[in-house]
1. Go through the residues of region 348-366 one by one and say whether even a single one is within 19 Å of GLU461 (Cα to Cα) and within 16 Å of ligand 2 (Cβ to nearest atom).
2. For region 276-332, which residues satisfy the criterion of being open to solvent by 40 Å² or more (accessible area, probe 1.4 Å) and in contact with a Leu (Cβ under 6 Å, 6 or more places away or on another chain)?
3. Take the conditions open to solvent by less than 40 Å² (accessible area, probe 1.4 Å), within 16 Å of ligand 2 (Cβ to nearest atom) and either farther than 22 Å from LEU334 by Cα or of a type in the set (Lys, Arg) (or both) and apply them to ILE423. Does it pass?
4. Can you tell me which residue in region 437-448 is farthest from ligand 2 (Cβ to nearest atom), limited to those that are charged (D, E, K, R) and within 20 Å of LEU322 (Cα to Cα)?
5. Given the criterion open to solvent by less than 50 Å² (accessible area, probe 1.4 Å), among the acidic types (Asp, Glu) and within 9 Å of ligand 1 (Cβ to nearest atom), identify the matching residue among ASP418, ASP376.
6. Does ALA417 fit the bill of being aliphatic (A, V, I, L, M), closer than 30 Å to HIS310 by Cβ, outside the structural domain of LEU317 (by TED's automatic domain parsing) and more than 13 Å from ligand 2 (Cβ to nearest atom)?
Amino acid sequence: MLRRRGIGAKLVVAAALVLGVAGLSLERLAARDLESALLAEQSPRAAVDAALLRSRRTLLVGMGSVVLVAVAAGAAATFFITRPIRRLTRSALAMSEGDLSARAPLRGPGELRELARALNHLTSELSRSIAEARTERYLLASILDGMSEGVLVLDGEGHILLANRALRAMAPLGDDALGRSVIEALRNARLTEAIALAGRRDEPVDVEVELGRTLPRRLLVRVSRRKSPAGGGPGAAVDDAVEGPGLIAVFHDVTDLRRLETIRTDFVANVSHELRTPVTAISTAAETLQLGALQDPHEAAEFVDVIDRHAKRLRQLVDDLLDLSKIEAKTFRLALSDLEVAPAIEHVTHLLAESARRRRVTLTVDAGALPPARCDRRALEQVLMNLLDNAIKYAGEGAHVTVKARSLEEQVTIAVADDGPGIPPHHLGRIFERFYRVDAGRSRDLGGTGLGLAIVKHLVELMNGSIEVESAIGRGTRFTVRLARAA
Ligand SMILES: Nc1ncnc2c1ncn2[C@@H]1O[C@H](COP(=O)(O)OP(=O)(O)O)[C@@H](O)[C@H]1O
Ligand SMILES: [Mg+2]
């Protein structure tokens, strides 16, 4: 029974017993003294006084001893009870300061042991919850940073709480963006408006904005209200900024998509435009013939010639378009092998000799003994055909065109140069684009489609080579094709 009551109770009971026993003995001693004094017959008064004095002294000494014992018992009780409490307080303080590995010692009286056990349980539960929260947070952060979409989280006041890695790559967000408002951090009125609107509406708001100054990106943004966890829950009070009402904006980078859309619409417009001219010319000539020109042999020949020229142009256009679409399809593969370039150059110059002669263009080939290059014969011939055809056509009457092949370090280079009027510098960067022409009228008159150099560039790159152009107004133009030398 006493064991279960703990040391404090034991000490109190012991002190009470000591006091009781001491009190009884003192009382008994004093009584005995008085009794013996009274028993002494005809005792003089002095004897009684002496006996009283003795018993008083005995009482005093007894009382003093009892007080001393009580104080000692109290001190012992205090020591035995407060020591474990102090230990427990130390552990609790360590835990409250974040040391979740601290454990309260399971020592001292029963109640304190119970308390220490409860405290330890609480701490291990707390460290488990913190570890879980940390894992979840890490997982969330990895998901957010692994996304290709930008994510922006705002609090109820519209201040930035989170911006993931993708968003930082798309938008010019400074390092100090957290805690700032969107207008301050991104400086975009349309986005700020969408955010304000989304705050007032239940449905998400979509907006397309352009962000960034040096390399502007077109971003499709969906802003929606953030949902608070249902019923608040235990997490509701943890962080009002995160859990409270706010907005989330998801950014999709549509720059490339928009660019491709523009290219596609431009392409369709260009093709239609290119087709319309020959088709109109052909049908007009045919109509004119039907209306009577057929009867006049001279006129008839003229209109048949028109039909023939435009039909050829149409055919060239369709051929180029088919080539281009085949080349641009990802499945198109060339059969690369180690080839001598000289025979290909000879073959193409031979095919174009007549056209050069008609324009009084001097065609020179300079291709000595060369190591073979890594290329596809038909592709190389098509490349040379386009470059030489351009040089002969655009360099003008009486020009000089040379094809020079050289072996340079790990490469075989083929340069097609003319001494024609040259290409103005601001056109040079766009010359390889589809349908891009310096002088569209002249190109059309000469039967060009504006697709030749686009095809050339694709083919050279499919042979793992490169092409560059240099030109000087009034001095001429040089296209240089670089192919890898055969190993
Ligand atoms: N050697 C050259 N000298 C001057 N201009 C050239 C030369 N080669 C190409 N060009 C210019 O580049 C444009 C694009 O050439 P290309 O793609 O072959 O189309 P096309 O010859 O059908 O017009 C031509 O229209 C022409 O203006
Ligand atoms: Mg051409």
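The values are calculated or read from the model by the stated rules, or taken from the named source; none is laboratory data. Everything numeric in this text was worked out from a predicted model, so none of it was measured. Reconstructed Cβ throughout: ideal geometry from the backbone, glycine too, with neighbour counts over all protein chains shown. Just so you know, the surface numbers come from the protein's heavy atoms only, side chains and all, with ligands and any DNA or RNA stripped out. Shrake-Rupley method; radii C 1.70, N 1.55, O 1.52, S 1.80 Å.
1. no
2. Residue satisfying the conditions is PHE303 alone.
3. Judged against the criteria, ILE423 is a match.
4. Pass one, region 437-448, residues charged (D, E, K, R): 437, 439, 442, 444-445.
This time we only want the ones that are within 20 Å of LEU322 (Cα to Cα), so: 437, 444.
Numbers: ARG437: 9, ARG444: 11 Å.
Among those that are charged (D, E, K, R) and within 20 Å of LEU322 (Cα to Cα), it is ARG444.
5. Numbers: ASP376 fails: within 9 Å of ligand 1 (Cβ to nearest atom).
One residue alone meets the criteria, ASP418.
6. No; evaluated as a whole, the condition is false for this residue.
Residue by residue, here is whether (1) over 30 Å from THR89 (Cβ atoms); (2) surrounded by 18 or more Cβ atoms within 10 Å (Cβ to Cβ); (3) outside the structural domain of ALA249 (by TED's automatic domain parsing) holds:
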site: GLU125; (1), (2), (3): no, no, yes
site: GLU136; (1), (2), (3): yes, no, yes
site: MET170; (1), (2), (3): yes, yes, no
site: ASP175; (1), (2), (3): yes, no, no
site: GLY179; (1), (2), (3): yes, no, no
site: ALA189; (1), (2), (3): yes, no, no
site: ARG200; (1), (2), (3): yes, no, no
site: GLU203; (1), (2), (3): yes, no, no
site: GLU210; (1), (2), (3): yes, no, no
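Here's the yes/no breakdown for (1) more than 13 Å from ligand 2 (Cβ to nearest atom); (2) small (Gly, Ala, Ser); (3) farther than 27 Å from ASP376 by Cα:
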site: PHE435; (1), (2), (3): no, no, no
site: GLY450; (1), (2), (3): no, yes, no
site: HIS458; (1), (2), (3): yes, no, no
site: ILE467; (1), (2), (3): yes, no, no
site: ALA472; (1), (2), (3): yes, yes, yes
site: ALA486; (1), (2), (3): yes, yes, no
